[in-house]
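Notes to accompany the following structure.
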Amino acid sequence: MTEHLGRQIPDRLTSPLTRALKSWEALLLVVAVLIFIANSLASPYFLDPWNLSDASFNFTEKAMIAFAVALLIISGEIDLSVGSIIALSSTVMGLAMTAGAGTPVLVLLGLATGLACGAFNGLLVARFGLPSIVVTIGTMSLFRGISYIVLGDGAFTGYPASFGWFGQGYVFWVITVELVIFGFAAIIFGVLLHRTNFGRMVYAIGNNAVAARFSGIRVERVKFTLFLLTGLMSGIAAICLTSRLGSTRPSIAAGFELEVVTIVVLGGVSILGGSGSIIGVVLAAILMGLVTFGLGLMNVPGIVMSIIVGLLLIAVIALPRLWSMARR
Amino acid sequence: MQHAATPVLSLRGIVKTFPGVRALDGVQMDLHPGQVTALIGENGAGKSTIVKILTGIYRPDEGQILVDGTETHFPTAQAAGHAGVTAIHQETVLFDDMTVAENIFIGHAPRTRLGLIDRAAMQRRARDILTGIGADLNPAVRLRDLGIASKHLVAIARALSIDARVVIMDEPTAALSHKEIAELYDLVGKLKAQGKAILFISHKFDEIFRIADRWTVFRDGRFVGEGLMTAATEAELVRLMVGRSVDQIYPKRPARIGAPALTVAGYAHPTEFDDITFTLHEGEILGFYGLIGAGRSEVMQALFGITQPSKGATRIGEEVRVIRSTAQAVAAGIVYVPEDRGRQGAIKGLPIFQNVTLPSLKRTSRDGFLRLAQEFALTRDYTQRLDLRAASLDQDVGLLSGGNQQKVVIAKWLATRPRVIILDEPTKGIDIGSKAAVHDFMSELAAEGLAVIMVSSEIPEVLGMSDRVIVMRAGRIAAEFAGDQMTPENLVRAAVGIGDAA
């Protein structure tokens, strides 16, 4: 087989290092560092470790979900029901809590509800071939609707003290439990996407689902798994958020889905599927957290903040497009 | 034939590079008014790139574009349009939900004094242009309701409406029937009579000899020659194209036919096919001939697990296997090289090596974790065997020419070490050089004991490559031929269903 029938083709032309330097992720890193510097100049309180630790709550819960949603978007699907999955998971935990369940049961129920919601989405998309954007807009109303029926204007409060550990606890010094979960999730999803056969299939499906199927890939199975993972991560986020707030209202995590998608897209994941990286999502989450926290320290009102985040998103997305137009 | 002194459009020393590839390396070309210039070259010779430069989609790195002898630049597609250059593409870009007239005049519709679109004038002028090219089409009809040939006429009318001086036709006959092709030839004649310069890109030699006045040959992004068709021979053009003479077109080797590799019994599908029964042996190339729509691809896709048969059984070797998904097919050793390369074959956006290893990941990975070194090694083995031309193995497969994409798809399947390989129109739309490589390789595989099914609509290919031929008609096996029985007449008669007693 090594006879010289064909010409030698090199494995790579550009080294991985050169690629990394020119990548979207490198640009995000630079922007994040600039914002960090700007923040520390703008406010004397910014560099305080406890402040920064508090600031991390701005993104940790959303970012956990964003990792799973990144994989979904790379595969060409989307899940807009993640905020509602949190609401439903939290409601189920609240019901169990009122029935006297302890922390381990609450956690298990939170995860199970997330998985069940993910399985429902996955079934409709992968098994019945419905478009995920429509399915998850539907389940977005459905899941949260159930919470509203259960709770009305009420709220579940009085979670056990030990349950508070997930959203309020510290592992050591200023490192919160949520930050640790975020870190682990980043590593697990990074390895899953970039270092496993499963991740390779996700990219293949996102670039051309038909050809992926024609290459012997079980496309439906992969997509179903991705919805399950998204449900699971939403369940974990529900546990953290409920624990942090110490209560469940039906409006919990409202609007999460858009912030999650913003983080994913800002992280360089193509909304059309097929490309993106977990490092990018990590950086985008941190960047978003820095921006909102920095603006908060400067007493910028919430409305203005969302305008700035929106502009930032458009600017960062437009940049590479302008760049390639100038180069052509 | 008039010989105009100055060409309408000339290219001189055009260079265009992409990362790692020199797509065009100092090419030249002249287009003369009232004449058809055929641009000939293998896939990857730079034909598509030159079209994109002429239409302002790419900008050349070096070189000149001369219009009437004056240097010009085409920074945008609009600029090319203003200079009178227009292209009719392989898959013509038109708008299905707009009317014929709107399609013709989109972007330059006649206006009323208020600046609104003057519909009456638009209809009238559209009708004039259509009549001028002998097209009997109603300008008010929506494009969706027209056939491909009529859509081509609309595209041509559009080209005329902007008063084009240079018309580029990029494989215009690829999707047309014989009758439609004849009509297209008439039209080319009319365009010539109007003094348009026509650049005609085609793989079909009969067509080039029929309508072209001049020829230009590119090879590997370089200009290799030009001249008048009257002085050209097919052999000479082929030699220029491939850089060597193609004496033996079908390199079929005598095969040693072995044990049955695949047995199909009573395969049926509610709408596509019925009662498909045949046996394929190791080392055999079994041809499947038939008219388009005879159900050949549908049978193959059912064997590969894309669709599910309603009845029937398959045996692979001695084992009965039920195939309900492509994953099961691959596991059973059946692989399929689809006809629709762009949509079903290559995964554009992924690098070459990831395309090749996709179905073999179980073998290159360990415990589900990727091992890139193994992937590159596997890819190197098979792409070298197929003589792939690429800048690097981590290059996006979408940047390769059609023939090279096909090689990647074939390499992908060979890397799985299959028992049965099904090739669906394996040489459709690829150039002579790549064609010969694919044929050569098929022979080699069969000689190594692989069982090969080749679906093809080209009679010379079917006859030249197959040990045995099955002809399908209307979803059923109409006839089977071997040895002396394999004649063009027998195949065609069986395919159209005349003289069953043949």
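Rounded to the nearest whole Hz, the Karplus-based 3J(HN,Hα) values (6.51 cos²θ - 1.76 cosθ + 1.60, θ = phi - 60°) of region B:221-232 follow the sequence x, 10, 7, 10, x, 8, x, 8, 4, 4, 9, 9, with x at glycine and proline. Please identify every one of the trypsin sites (Lys or Arg not before Pro) in region B:128-223 that sits in a loop by DSSP and has no more than 14 other beta carbons within 10 Å of its own beta carbon. Qualifying residues, ordered by number: B:Lys204.
In this rough spin-label picture, where each label sits 7 Å from Cα along the Cβ direction, the B:Ala447-A:Leu142 distance is 6.0 nm.
Entry note, chain B: relative contact order of 16 percent, from Cα contacts under 8 Å with a spacing of 6+ residues. Backbone geometry of region B:461-478 corresponds, through the Karplus equation with coefficients 6.51, -1.76 and 1.60 at θ = phi - 60°, to 3J(HN,Hα) couplings of 5, 4, 5, x, 9, 8, 7, 8, 10, 9, 9, 10, 9, 6, x, 10, 6, 8 Hz, x marking Gly and Pro. Solvent-accessible surface (1.4 Å probe) assigned to B:Ile352 amounts to roughly 0 Å².
Is region A:48-318 best put as rounded, prolate or oblate by its Cα gyration tensor, with a ≥ b ≥ c the root eigenvalues, rounded for a/c under 1.5, and otherwise prolate when a/b is larger than b/c, oblate when not?
Numbers: a/c = 1.64, a/b = 1.21, b/c = 1.36.
Verdict is oblate for region A:48-318.
With 32 Å as the limit, write out which pairs from B:Lys47/B:Lys179; A:Lys62/A:Lys223; B:Lys204/B:Lys311 have Cα-Cα distances beyond it, or answer none. Table pairs above 32 Å Cα-Cα are B:Lys204/B:Lys311. Other protein chain C-beta atoms within 10 Å of residue C-beta, averaged over A:13-26: 1.
Farthest towards the positive end of the charge dipole of the protein assembly as shown, among the residues B:Ile352, B:Ile292, A:Leu313, is the Cα of A:Leu313, using unit charges on the Cβ of Lys, Arg, Asp and Glu.
What number, in percent, do you get for the relative contact order of region B:9-242 if the mean sequence gap of Cα pairs under 8 Å and at least 6 apart is divided by its residue count?
On the way: 440 pairs, mean separation 70.1, N = 234.
The value is 30 percent.
Taking all Cα pairs closer than 8 Å and separated by 6 or more residues, the relative contact order of region A:48-318 comes to 37 percent. When +1 charges are put on Lys and Arg Cβ atoms and -1 charges on Asp and Glu Cβ atoms, the dipole computed for region A:68-220 relative to its Cα centre reaches about 420 debye. Rounded, prolate or oblate: which one fits chain B, using the alpha carbon gyration tensor with axes a ≥ b ≥ c (rounded when a/c is under 1.5, else prolate when a/b beats b/c, else oblate)? In terms of gyration-tensor shape, prolate. For the segment B:349-362, counting C-beta atoms of other chains within 10 Å of every residue's C-beta and taking the mean gives 5.
If you run the Gaussian network model on chain A, springs between alpha carbon atoms under 10 Å, then out of A:Gly206, A:Gly274, A:Gly158 the most flexible one is A:Gly158. A probe of 1.4 angstrom, applied to the heavy atoms of all protein chains, finds B:Thr230 with accessible area near 120 square angstrom.
What shape does region B:186-271 take by its C-alpha gyration tensor, where a ≥ b ≥ c are the square roots of the eigenvalues and a/c under 1.5 counts as rounded, a/b above b/c as prolate, and the rest as oblate?
On the way: a/c = 3.62, a/b = 1.76, b/c = 2.06.
Note, shape of region B:186-271 comes out oblate.
Counting each DSSP H run of 4 or more residues in chain B as -39500 (n - 2.57), what helix-only mean residue ellipticity at 222 nm follows after dividing by all residues, to the nearest 500 deg cm²/dmol? Calculated mean residue ellipticity at 222 nm is -9500 deg cm²/dmol.
Over 18 Å apart at the Cα level, from the set B:Lys16/B:Lys52; A:Lys22/B:Lys52; B:Lys348/B:Lys407; B:Lys407/B:Lys428, are A:Lys22/B:Lys52.
The values are calculated or read from the model by the stated rules, or taken from the named source; none is laboratory data. Remember, predicted model here, so these are calculated numbers, not experimental data. For neighbour counting, all protein chains shown are included, and Cβ atoms are generated from backbone atoms with ideal geometry for every residue, glycine included. Quick note on the areas: whole protein, heavy atoms, side chains included, nothing else; ligands and nucleic acids left out. Shrake-Rupley method; radii C 1.70, N 1.55, O 1.52, S 1.80 Å.
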